[in-house]
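A.B. asks: Below are the structure tokens for one structure; questions will follow.
The values are calculated or read from the model by the stated rules, or taken from the named source; none is laboratory data. A quick note: this is a predicted structure, and the numbers were derived from the prediction, not measured. Methodologically, a virtual Cβ is constructed for each residue, glycine included, from the backbone with ideal geometry; neighbour enumeration extends over all protein chains shown.
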Amino acid sequence: MADVADHWNGIYSTKAVDEVSWYEEVPVTSLELMAAADCGAGDRVIDVGAGAATLVDHLLQIGHTDIVLVDISATGLAATKQRLGEHPAVRYVVGDLFDLDIGPVDMWHDRAVFHFLGAPADRRRYRAVMARHVRPGGHSIVAGFAPDGPEQCSGLPVARHSAAEMAAAFSPEFALAASRRVVHVTPWGGEQPFSFALLRRQGAP
Ligand SMILES: C[S@@+](CC[C@H](N)C(=O)[O-])C[C@H]1O[C@@H](n2cnc3c(N)ncnc32)[C@H](O)[C@@H]1O
């Protein structure tokens with residue numbers, strides 16, 4: 001996966017955090033869906049493919065104490081580390097999400113990472129990693145381009161999904177608890193329709 005890491009390190013070393021198409025000052029929908037899932041301040045939250053995203057800043061503001069940020073790009077995570085400094089509530093993991101093994105989490109968050117997986121076998125592999133990590137009764141938020149969204153993100157092809165299609169991709173381990181369609185506005189005013197799926201890990205907590 002060195003080429004994947006190189007691609008993303010290249011992006012993060014040539015663009016400012018707020019110059020990438022996916023930049024969100026306030027991740028309103030992610031925070032709203034976490035609240036809908038009753039995600040508490042002490043719950044372990046993992047942001048997969050976090051890069052330089054601001055979600056962690058907002059989770060810290062509302063008192064979260066156990067946040068894991070994972071990204072294949074050391075440069076992306078370094079931007080977050082530079083912004084926040086070392087923080088006792090935040091753990092940084094540089095690596096491929098497919099190699100993750102960090103024990104149970106209450107909330108898995110992925111905005112604009114799953115949508116890069118074009119092959120059904122890769123999507124099944126992703127589902128297996130997510131199912132291994134999210135405890136029964138825990139939740140995942142997976143967000144990516146909607147069926148009428150762009151065909152590429154960061155110059156790479158994407159697989160576009162409705163929330164119902166995402167729910168099908170994560171069944172039977174996960175069931176759809178809520179969904180949103182959101183039109184993200186890029187820093188230069190472009191519109192990108194996203195699907196957000198809030199998924200509940202099946203099984204007794
Ligand atoms: C489009 S960006 C989205 C960043 C962030 N989630 C956000 O919403 O601002 C995709 C991110 O996924 C990361 N990524 C891509 N493939 C990955 C993988 N296999 N494992 C971990 N991170 C990955 C990239 O480095 C990049 O930071």
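A.B. asks: Taking only pairs six or more apart or across chains, which ones have beta-carbon atoms under 7 Å, a first residue in the range 1-13 that is farther than 17 Å from PRO157 by Cβ, and a second residue that is more than 7 Å from the ligand (Cβ to nearest atom) and assigned to a helix (DSSP H, G or I)?
C.D. replies: Close Cβ pairs satisfying both conditions: ASN9/ALA74; ASN9/THR75; TYR12/THR75; TYR12/ALA79; SER13/THR75.
A.B. asks: ALA41 versus (1) within 16 Å of the chain's Cα centre (by Cα); (2) among the aliphatic types (A, V, I, L, M); (3) outside any helix (DSSP H, G or I): which is the lone unmet condition?
C.D. replies: The failed condition is (1).
A.B. asks: Ok, one more. Select from the range 1-11 the residues that are under 22 Å from GLN192 (Cα atoms) and more than 7 Å from the ligand (Cβ to nearest atom) and list them in ascending order.
C.D. replies: Result: HIS7, ILE11.
A.B. asks: Just name the residue that is surrounded by the most Cβ atoms within 10 Å (Cβ to Cβ) out of those in the range 58-80 that are away from the ligand (no atom under 15 Å from the Cβ) and part of a helix (DSSP H, G or I).
C.D. replies: Checked the range 58-80; the qualifying residue surrounded by the most Cβ atoms within 10 Å (Cβ to Cβ) is LEU60.
A.B. asks: Which one is nearest to MET130 (Cα to Cα), of the residues in the range 162-205 that are surrounded by 19 or more Cβ atoms within 10 Å (Cβ to Cβ) and touching a Ser or Thr at 6+ places or on another chain (Cβ under 6 Å)?
C.D. replies: So, considering only residues that are surrounded by 19 or more Cβ atoms within 10 Å (Cβ to Cβ) and touching a Ser or Thr at 6+ places or on another chain (Cβ under 6 Å), the one nearest to MET130 (Cα to Cα) is LEU199.
A.B. asks: So, one more: Under the condition of being aliphatic (A, V, I, L, M), in a loop (DSSP other than H, G, I, E, B) and farther than 18 Å from ARG181 by Cα, which residue from the range 14-29 is farthest from the chain's Cα centre (by Cα)?
C.D. replies: Only one residue fits best here, namely ALA16.
A.B. asks: Filter the range 43-57 for residues that are away from the ligand (no atom under 12 Å from the Cβ) and either surrounded by fewer than 23 Cβ atoms within 10 Å (Cβ to Cβ) or at pLDDT below 95 (or both) and give the result.
C.D. replies: Correct list: ASP43, ARG44.
A.B. asks: To continue, here is another question. State whether the residues of the range 81-90 include one that is near the ligand (Cβ under 9 Å from one of its atoms), hydrophobic (A, V, I, L, M, F, W, C) and touching a helix residue (DSSP H, G or I) at 6+ places or on another chain (Cβ under 8 Å).
C.D. replies: No, because not a single residue in the range 81-90 is near the ligand (Cβ under 9 Å from one of its atoms), hydrophobic (A, V, I, L, M, F, W, C) and touching a helix residue (DSSP H, G or I) at 6+ places or on another chain (Cβ under 8 Å).
A.B. asks: If I ask for residues that are within 12 Å of the ligand (Cβ to nearest atom) and either under 27 Å from ASP99 (Cα atoms) or buried (at least 16 other Cβ atoms within 10 Å of the Cβ) (or both), which ones from the range 16-34 would you list?
C.D. replies: Those that are within 12 Å of the ligand (Cβ to nearest atom) and either under 27 Å from ASP99 (Cα atoms) or buried (at least 16 other Cβ atoms within 10 Å of the Cβ) (or both): VAL17, VAL20, SER21, TRP22, TYR23, GLU24, PRO27, THR29, SER30.
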